[in-house]
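Chemist: Okay, here's the structure, questions in a sec.
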Amino acid sequence: MPEDETLTSFENRLIAMAKRVVAQQGGAIRTDHGDQMYVIRREALANVERLPYPKAQDSSMRSQLRPEIEKGLTAQVTSQEKARAAYLAICLELAPAFAEKYPQQWAEAISALSRYPNVLQVIFYEAPFPAGDAIRQKALSAGLQKPETSIKIWT
């Protein structure tokens, strides 16, 4: 920032720039009962970037995250990192392979994940259908226990 810049002058420059961009994009600035309003031109909905096909995205995420998950299970890491590794493995359907390859470490990671009641709440009581049913089944199959009671985590 220039040395002689003040917050007020910076704010004024940002407002002037916003007015210019609104006008250039086909919008307008109107006054209604003494209040200035920005009317922004509506654009058609479109993806900015082509979205990957879900199956390709799943496969890509599995290959990208597999080393990180394996490290979280086998290296000297925090309990939180173990829990994260278990959660990722469950979500990416890698849990059966890791549980078979590293049974002791997998049990420790599931135990670590079990100490996050808010995560368990979302998995078992709040994840929407039908995706929620799928993640709940994967979690149970991986050895995660459903909490007996639901807790309130949202205010």
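The values are calculated or read from the model by the stated rules, or taken from the named source; none is laboratory data. It should be emphasised that the depicted structure is a prediction, and the values quoted were computed from it without experimental measurement. As a convention, Cβ positions derive from the backbone with ideal geometry for all residues, glycine included, and neighbour counts pool all protein chains shown.
Chemist: Only one of 67, 2 is loosely packed, with under 10 Cβ neighbours inside 10 Å and assigned to a helix (DSSP H, G or I); which?
Modeler: Among 67, 2, only 67 is loosely packed, with under 10 Cβ neighbours inside 10 Å and assigned to a helix (DSSP H, G or I).
Chemist: How do the helices (runs of 4 or more DSSP H) wholly within segment 81-122 filter down when requiring 1 or more residues that are over 14 Å from residue 136 (Cα atoms) and aliphatic (A, V, I, L, M): which remain?
Modeler: Here the list reads 95-101, 103-114.
Chemist: Now a separate question. Quick one: in segment 5-50, which of the residues that are of a type in the set (Ser, Thr, Tyr) and touching a strand residue (DSSP E or B) at 6+ places or on another chain (Cβ under 9 Å) is surrounded by the most Cβ atoms within 10 Å (Cβ to Cβ)?
Modeler: Selected residue: 38.
Chemist: Let me ask you something else. Among the residues of segment 127-145, how many are exposed (fewer than 13 other Cβ atoms within 10 Å of the Cβ) and of a type in the set (D, E, K, R)?
Modeler: Result for segment 127-145: 1.
Chemist: Would you call residue 120 modelled with pLDDT of 95 or more, within 17 Å of the chain's Cα centre (by Cα) and surrounded by 15 or more Cβ atoms within 10 Å (Cβ to Cβ)?
Modeler: So residue 120 fits the description; yes.
Chemist: If you don't mind, another one. Among the residues of segment 74-88, are any in the same structural domain as residue 133 (by TED's automatic domain parsing), more than 30 Å from residue 133 (Cα to Cα) and out of contact with any helix residue (DSSP H, G or I) (no Cβ under 9 Å at 6 or more places or on another chain)? Walk me through how you get there before you give the answer.
Modeler: Looking only at segment 74-88, we keep the residues that are in the same structural domain as residue 133 (by TED's automatic domain parsing), and these are 74-88.
Filter once more, so that each one left must be more than 30 Å from residue 133 (Cα to Cα): 75-77.
Remaining after also requiring out of contact with any helix residue (DSSP H, G or I) (no Cβ under 9 Å at 6 or more places or on another chain): 76.
Within segment 74-88, one or more residues are in the same structural domain as residue 133 (by TED's automatic domain parsing), more than 30 Å from residue 133 (Cα to Cα) and out of contact with any helix residue (DSSP H, G or I) (no Cβ under 9 Å at 6 or more places or on another chain).
Chemist: How many residues are at pLDDT 90 or above, in a loop (DSSP other than H, G, I, E, B) and in contact with a helix residue (DSSP H, G or I) (Cβ under 9 Å, 6 or more places away or on another chain) if we restrict to segment 5-50?
Modeler: Qualifying residue count for the region: 2.
Chemist: Kindly evaluate residue 65 against the criterion of being in contact (Cβ under 8 Å) with a residue 24 or more places away in the chain, of a type in the set (A, V, I, L, M, F, W, C), in the same structural domain as residue 111 (by TED's automatic domain parsing) and closer than 13 Å to residue 109 by Cβ.
Modeler: Against the criterion (in contact (Cβ under 8 Å) with a residue 24 or more places away in the chain, of a type in the set (A, V, I, L, M, F, W, C), in the same structural domain as residue 111 (by TED's automatic domain parsing) and closer than 13 Å to residue 109 by Cβ), residue 65 does not qualify.
Chemist: List, please: which pairs have Cβ atoms under 8 Å, are six or more places apart or on different chains, and start with a residue in segment 1-23 that is under 22 Å from residue 39 (Cβ atoms) and end with one that is at pLDDT below 90 and of a type in the set (A, V, I, L, M)?
Modeler: Close Cβ pairs satisfying both conditions: 19/29; 22/29; 23/29.
Chemist: Does at least one position in segment 51-59 carry a residue that is under 30 Å from residue 27 (Cβ atoms), out of contact with any His (no Cβ under 6 Å at 6 or more places or on another chain) and either surrounded by 12 or more Cβ atoms within 10 Å (Cβ to Cβ) or modelled with pLDDT under 95 (or both)?
Modeler: Yes, the conditions are met somewhere in segment 51-59.
Chemist: Has segment 83-97 got at least one residue that is surrounded by 15 or more Cβ atoms within 10 Å (Cβ to Cβ), more than 17 Å from the chain's Cα centre (by Cα) and touching a residue at least 40 places away in the same chain (Cβ under 8 Å)? Please lay out each step first, then the result.
Modeler: Taking segment 83-97 as the starting set, the residues that turn out to be surrounded by 15 or more Cβ atoms within 10 Å (Cβ to Cβ) are 83-92, 94-95.
When the remaining residues are screened for being more than 17 Å from the chain's Cα centre (by Cα), the result is 94-95.
Filter once more, so that each one left must be touching a residue at least 40 places away in the same chain (Cβ under 8 Å): 95.
Yes, there is a match, as at least one residue in segment 83-97 is surrounded by 15 or more Cβ atoms within 10 Å (Cβ to Cβ), more than 17 Å from the chain's Cα centre (by Cα) and touching a residue at least 40 places away in the same chain (Cβ under 8 Å).
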